[in-house]
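Before any comments, here is the structure.
The values are calculated or read from the model by the stated rules, or taken from the named source; none is laboratory data. None of these values were measured; they are calculated from a predicted model. Virtual Cβ from ideal backbone geometry, glycine too; neighbours counted across all protein chains shown. Areas reflect the complete protein model, heavy atoms only, side chains present, ligands, DNA and RNA absent. Shrake-Rupley method; radii C 1.70, N 1.55, O 1.52, S 1.80 Å.
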Number of protein chains: 2
Amino acid sequence: MKPKDLPIEQKIKYVQDTLYVISGKWKLPILLAMNFGARRFRDIQRAVPKITTKVLSKELKDLETNLLVIRTVYDTSPVTVEYTVSPYCKSLKPLVDEMILWGYNHRKKLITQP
Amino acid sequence: MKPKDLPIEQKIKYVQDTLYVISGKWKLPILLAMNFGARRFRDIQRAVPKITTKVLSKELKDLETNLLVIRTVYDTSPVTVEYTVSPYCKSLKPLVDEMILWGYNHRKKLITQP
DNA sequence: GATGCCAGTTACCTACAGGATACCAGCGAT
DNA sequence: ATCGCTGGTATCCTGTAGGTAACTGGCATC
């Protein structure tokens with residue numbers, strides 16, 4: 001069964017699932033910062049302006065639950081925690097590119113014909 | 001200037017713009033109901049289970065602001081109001097298809113390797 | 001032994017999306 | 001006249017995302 005053949009309510013459900021994973025104020029900025037090299041908790045916090053520890057902590061857990069981020073604890077002293085973007089995370093790229101494109105064109109559209 | 005060449009903060013902004021337009025509990029179900037033929041306010045309300053008049057009213061205004069829906073008032077007696085999906089709304093299709101696909105695969109992924 | 005860094009947690013608070021319910025004016029049918 | 005349909009508004013309420021600030025335990029440095 002391919003997604004194309006699904007009943008419409010199922011399609012909406014899958015769209016909602018996708019929205020749930022990537023929406024919110026911080027998910028994409030965090031993934032971005034990590035792509036730019038930030039791996040430690042505090043590094044990510046510094047790389048994402050204005051985010052608080054509580055929110056970062058929660059968002060990282062969400063991202064980990066959704067397999068987009070991998071959390072590794074090294075048994076050093078003190079313990080070192082590393083967050084990395086998973087290979088699976090790359091599967092989001094076509095979607096994110098599509099969203100950038102639509103957002104870009106939409107803004108132009110709203111400006112030219114309000 | 002193509003979206004590909006934009007600085008990353010701009011890309012995030014466009015993604016947020018896109019999210020703002022299509023996220024929320026009701027926007028897609030409403031567009032769907034309209035695609036299935038509902039045009040009058042009460043028809044749409046009946047076609048979208050559980051939505052309240054207040055929320056439908058607000059969502060239709062948002063969709064109209066974003067040029068996805070066209071509101072036409074006919075000078076009959078009593079007045080008839082028709083909502084239709086705009087041609088521009090079709091530009092969302094690649095994005096929505098991408099979201100259905102990602103959501104579908106993601107759910108499979110979460111089930112097979114939790 | 002005091003200070004500071006790391007990786008968070010906890011408790012409390014605010015703003016906003018969305019929900020429940022009631023209501024309005026205008027008209028047509030009974 | 002009164003009931004019901006239309007296209008909504010107005011009020012009040014709840015739930016959740018996100019924000020503020022303080023705090024913890026372990027280690028390292030001064």
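Which condition breaks for residue B:47 when tested against (1) within 14 Å of chain A (Cβ to nearest Cβ); (2) within 13 Å of DNA strand C (Cβ to nearest atom); (3) of a type in the set (A, V, I, L, M, F, W, C)?
Tallying (1) within 14 Å of chain A (Cβ to nearest Cβ); (2) within 13 Å of DNA strand C (Cβ to nearest atom); (3) of a type in the set (A, V, I, L, M, F, W, C), residue B:47 fails exactly one: (2).
Considering only segment A:68-88, state which residues are among the aliphatic types (A, V, I, L, M) and either at pLDDT below 95 or within 16 Å of DNA strand D (Cβ to nearest atom) (or both).
Step one: list which residues in segment A:68-88 are among the aliphatic types (A, V, I, L, M), which gives A:68-70, A:73, A:79, A:81, A:85.
Residues satisfying the conditions are A:68, A:69, A:73, A:79, A:81.
Could you go through segment A:53-64 and let me know if any residue there is within 13 Å of chain B (Cβ to nearest Cβ), part of a loop (DSSP other than H, G, I, E, B) and open to solvent by less than 90 Å² (accessible area, probe 1.4 Å).
no
Got a sec? Which of B:38, B:47, B:33 is open to solvent by 40 Å² or more (accessible area, probe 1.4 Å), among the small types (Gly, Ala, Ser) and either at positive phi or within 17 Å of the chain's Cα centre (by Cα) (or both)?
It is B:47.
Could you say whether any residue in segment A:93-105 is more than 10 Å from every other protein chain (Cβ to nearest Cβ) and either assigned to a helix (DSSP H, G or I) or open to solvent by 70 Å² or more (accessible area, probe 1.4 Å) (or both)?
Scanning segment A:93-105, I find at least one residue that is more than 10 Å from every other protein chain (Cβ to nearest Cβ) and either assigned to a helix (DSSP H, G or I) or open to solvent by 70 Å² or more (accessible area, probe 1.4 Å) (or both), so the answer is yes.
Could you list all residues from segment B:65-79 that are more than 7 Å from chain A (Cβ to nearest Cβ) and either assigned to a helix (DSSP H, G or I) or open to solvent by 20 Å² or more (accessible area, probe 1.4 Å) (or both)?
Within segment B:65-79, B:65, B:66, B:70, B:71, B:72, B:73, B:74, B:75, B:76, B:77, B:78, B:79 qualify.
Can you name the residue in segment B:1-43 that is of a type in the set (Val, Ile, Thr) and more than 22 Å from residue B:100 (Cβ to Cβ) and is also farthest from DNA strand C (Cβ to nearest atom) among such residues? Outline the logic, then answer.
Pass one, segment B:1-43, residues of a type in the set (Val, Ile, Thr): B:8, B:12, B:15, B:18, B:21-22, B:30.
Then drop every residue that is not more than 22 Å from residue B:100 (Cβ to Cβ), which leaves B:8, B:12.
On the way: B:8: 23, B:12: 19 Å.
Looking at residues that are of a type in the set (Val, Ile, Thr) and more than 22 Å from residue B:100 (Cβ to Cβ), I get B:8.
All but one of (1) over 19 Å from the mean Cα position of the chain (by Cα); (2) of a type outside the set (Val, Ile, Thr); (3) part of a strand (DSSP E or B) hold for residue B:82, so report the exception by its number.
Going through the list (1) over 19 Å from the mean Cα position of the chain (by Cα); (2) of a type outside the set (Val, Ile, Thr); (3) part of a strand (DSSP E or B), residue B:82 breaks only (1).
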